[in-house]
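Contents: one structure, followed by commentary.
None of the figures in this text is laboratory data; all of them are computed from the coordinates on show. Note that this is a predicted model, so its numbers are computed, not measured. Cβ placement follows ideal geometry from the backbone for every residue including glycine, while neighbour counts extend to all protein chains displayed.
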Amino acid sequence: MAEKLTLGETSLFELEEEIGEESKEDSFEKFRRELRTMLYAFGDVKNPHEATLDLLYSIMVEYITSVAKIGQSLEPRKKLTLQAIHYMTQRDIRKFDRIRELLTMHEELKKAKKDFENPI
């Protein structure tokens, strides 16, 4: 049974915009939950002040944005690539090793998903 939309009702495009806004809000809240968990793991109280989370969130976003801009400036097409990230972190052994570890884990997960989807 198909229903027709009248001019006063919301369209599908408006619903998509609302969904996009909700997912953006969800990612913001998810990031804040992760920050809260990290603070607790490093010895802070279980429920830190909202001002602390806001400050830490702004510092993290600013840092990630600046690193991404630097990485983009290293590439001729102004696109952030793995080579640019490797170049920027090559002198910081801890970051470089962690990036390599995460990339290896990502490849292993992709392979496992592929093997799971294509059984023998």
In segment 22-120, chymotrypsin sites (Phe, Trp or Tyr not before Pro) in a DSSP loop with at most 12 other beta-carbon atoms within 10 Å: F42
Sparse-neighbour loop sites [trypsin sites (Lys or Arg not before Pro); segment 86-120; at most 12 other C-beta within 10 Å; DSSP]: R91
